[in-house]
Amino acid sequence: MRNRWRHWSQFERSPEFAVLFLPGDQFLSAALAARPELLESALGQSVIIATPSTLIALLKAVAYGWRQSAVAHNAAQIRDLGQELYRRLGTFNGHLGRMGQRLSTAVEAYNAAVGSLERQVLPQARRFGELGVTADAPLPALEPIGQLVRSTGAPRAAEVSPAPAATAPAAAADPDAGGSADNPASAAADTAASGRPGANNARQA
């Protein structure tokens, strides 16, 4: 009897319980009257007895359980994808950091070579022109590379805004006073300028 009730266990991916549908509530009432332990015995065998009054609620509960199972499965996949992405970002960050170190070394070697060329080679080469040796074009000057390689995770200089400089408040000048009371030098200059017409008139007289 027990094996006959658990007939779904023979399948690999079988549900956790089976639903026994009775087409009328009176059938379940008659069965419970004859065997009061019928519901507990059925639940022990992973069988749920449903009637027309309980079938819809049971189906809604099963649908909700399936949705929650799908959400949990998707959340587990998102977690696995996030862990894999984080691991790959760490690997890529390591490659990028090593490439930046190699570029910094290459820039330092280039600048050292340019400096050696300017100090040791070009002065001797320019003396050929003093000895009458001409060329189609002069030797071009090589400029050292001043831009450094940005390290990963470091903020750029343009992103760091400098603090605004403190500005002194401008003194308000009185338009009627003309600035003579606050500035003695300008007052003396105004006095000298005002006295010049009188001196010229005295000379003309």
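Readers should treat all values here as calculations from the given coordinates under stated rules, not as data from a laboratory. Note that the coordinates shown come from a computational prediction; the quantities given were computed from them, not determined experimentally. Note that we place each Cβ from the backbone using ideal geometry, even for glycine, and neighbour counts take in every protein chain shown.
Observations, loosely collected:
- Between residue 135 and residue 121, the modelled labels are 1.0 nm apart [label points 7 Å from Cα along Cα→Cβ].
- FRET efficiency, 1/(1 + (r/R0)^6) with R0 45 Å, evaluated for residue 77 and residue 20 via beta carbons: 0.80
- Amide H to amide H, with H built 1.01 Å from N, residue 19 comes under 5 Å of 48, counting only residues 5 or more places away or on other chains.
- Residue 29-residue 85 pseudo-label distance in nm [points 7 Å out on the Cα-to-Cβ vector]: 5.8
- Under 5 Å between amide hydrogens, built in the peptide plane, is the criterion, and for residue 45 it picks out nothing among residues at least 5 positions away or on other chains.
- Förster-model FRET efficiency, 22 Å R0, residue 96 and residue 145, C-beta, rounded to 0.05: 0.65
- Here the gap between residue 48 and residue 67, fully extended at 0.36 nm per residue and compared with their Cα-Cα distance, gives a gain of 4.8 nm.
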